[in-house]
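No lab work stands behind these numbers, since they all come straight from the coordinates. Note that the structure is a prediction, hence the values are computed from the model and not measured. Here the Cβ positions follow ideal geometry from the backbone for every residue, glycine too, while neighbour counts run over all protein chains shown.
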Amino acid sequence: MLNCSRLNCLNKPSFECTCRNERKYYCQNDLTTHLNDQSISHTVKSLGINFDPEVINLVLGSLIKTKNNVKNHKKAIIEDFSRLMSQFEERARILCRTMGDHEKSIEKAINDIKINPNAIPENNLKKTLALNLEEAKKECSKWDLLSVNLNSLELNSSISQWATIVSDIDYLFTNKKELNTMLQKRVNSEYPSFLPKKESFNSRPPTINLSNQTRSQEFNSPQTNPNVLNSPQIPNKATIVRSNTIGCRNNHELKWTVTVPFIYYRKNKNFWINCGNCQRKFSSSCWHCETCDYDLCEGCGLNKGLPSQKMKCDNNHELLWRPDADMFYENKGQEHKFRCRSCNIFKDEAHWHCRSCEYDICQNCGINKGQSPLCGSVKCSNNHQLSPSVIQLINLGGLILAPKCNCCGVNFNGNSYTCNQCSYYLCPDCYIFFTRPTAGHPVFRCQSSHLLRWVTRSEFQCDYCFDKKNQERYRCKECNFDVCMSCSDILLNIVIKGEQKSHGPNNHPLIWVANISQRNGGNHSTCNSCGMNYKKAGMFCCNTCSNNYCLLCYNDPNRPKPQLQGIGGTGGNNLVNLLILNQLLGGLQNRNN
């Protein structure tokens, strides 16, 4: 350890002086004295500063925190890019499919005219053919049958605004005296176009606030879990915490939460909620204490003087997340789209919807109202985000090796989405499947408890009604499980209404069991009403006498019984026995009557 060159000086040297071909070390005070000797030439340099170890640790901690922040934002940009590209690809497919349909229609008209114009039905095309030449020229000149608008300029503008980076890192490497206050530069975070507007709690009654850190992992955004505004209370213990708030028995503020059924399903595989005040059983949005798992239904909250913050239609019905709403309108003879009641724009996307009033709010307007869309990010089985990669085939002495997709099980190469930590691979088709809108309630699951997604039109057989259809539907691609729109409507209505039926003279309650096959050791279960066998679909079951009822019979015990010669059927004698047994047990009864 160096010491000051002046005799008897115990201070640590801060400077080195080279003079008379000799190096000497001085503290600051002694250096001043030493330099007073002008008879010799001095070459002085600093030995450096003695930094406080605590300051060093503080600065290192701040830099490491900033570095991690950069890495996290970089990761978020990649994830968001992958999600947007998937949506872009899906939009391109829809447009190309539509253009293909138009092309076929025009080609058919051309062939009809060439082959047998008299066979064309009475329509404007045939009327035009019947005109004289001059009139036909005028008619054809008025035709404006198709136009396509490529909004590339608007898209380029959106791309430039998609993600902005505000940096003042050069402050560390210059002698600037002040930071350029980055908070003034930021516009609602680095991703302004994808985050809901934040409302002041005191400026108006509290609104749903789904922050990045509080979204459900089964939902949208590459960020995660749902934290929602909930507030339950018991008459003698729940107290008013402050104006326009309710507290649980431990005085935690309750918040209105859209995703409470998902929260409980993740914790205990049960999506039913019990109101802490009236003890009513339900499965929908409510006031919720995340700390105590305490809940208060909408009606009890209103009785406590706090209206719910639900998105609602003009008749006060709550808007539900419905990926199937566009197909609902198409089945009514309308177009496959809806008009948002907030922005008045026609759109084709999963959105917030009231089925009875045909009232719709789009995703963007929902975000502006504080309610984020329920869309899942793509992760591996251990909840790690996936990154794009390219898979190359490996040739080991003539043996070709390729990874297997963890969803569809097919070996593939080329573009992939991978978690290297878990050796998890998704092929491009399966990745696109996982970017599809998720169901709006956790009741929509397969036997393996995978949340179903709403997929595009194709042929399938519904695992509840066994009807073969060609339409959009809820699907688990990994388990090849499909639910048609009609059956999904029935199931959702039963759950949202909180209806529970019983059976037999002793009124045994019937409980919904999604994984009926696992419960029966992988074997099928037979409906005690219609005699159909079910292996993939959930059923309503009696834990006392082991009776099972399919979704359709639970919904309508008097429905016509199907012929047992198709998929899921049993023998005719078995059907007779089951029907007699059902009559002896008294059939299904609604417990609410």
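Observations
- Dipole magnitude (debye, nearest 20) for segment 1-45, charges at Cβ of Lys, Arg, Asp, Glu: 100
- Aspartates and glutamates whose Cα lies under 17 Å from that of Lys67, excluding same-chain neighbours fewer than 8 positions away: Asp168, Asp170, Glu190
- For Lys45, a cut-off of 19 angstrom between C-alpha atoms picks up these lysines, skipping any fewer than 8 places away in its own chain: Lys12, Lys24.
- Kirkwood hydrodynamic radius (C-alpha pairs) into Stokes-Einstein, segment 381-473, 25 °C and 0.890 mPa s, D in µm²/s: 159
- Estimated FRET transfer efficiency (Asn523, Asn123; beta-carbon r; R0 56 Å; 0.05): 0.50
- Were the residues from Ser141 through Lys312 laid out at 0.36 nm apart, the gain over their Cα-Cα distance would be 56.8 nm.
- Backbone N within segment 2-41 under 17 Å of label point (7 Å from Phe51 Cα along the Cβ vector): none
- Relative intensity, log₁₀ I(q)/I(0), of segment 320-368 from a Debye sum that treats every alpha carbon as a point, q = 0.16, 0.17, 0.19, 0.26 Å⁻¹: -0.35, -0.40, -0.50, -0.94
- For segment 458-529, the share of alpha carbon pairs falling in successive 5 Å distance bins from zero is 3, 12, 18, 22, 22, 15, 5, 2, 1 percent.
- Multiplying the residue separation of Leu10 and Ser389 by 0.36 nm and removing their Cα-Cα distance gives an extension gain of 130.2 nm.
- Across all C-alpha atoms in segment 1-45, the radius of gyration and Dmax reach 9.8, 30 Å.
- Within segment 335-392: Cβ-based charge dipole about Cα centre, in debye rounded to nearest 20 (Lys, Arg +1; Asp, Glu -1): 140
- Checking the cross-link pairs Lys332/Lys497; Lys71/Lys404; Lys281/Lys304; Lys379/Lys468; Lys65/Lys255 against a 21 Å limit on the alpha carbon distance flags Lys332/Lys497; Lys71/Lys404; Lys379/Lys468; Lys65/Lys255 as lying beyond it.
- Restraint check, Lys108/Lys137; Lys74/Lys337; Lys137/Lys347, Cα-Cα greater than 29 Å: Lys74/Lys337; Lys137/Lys347
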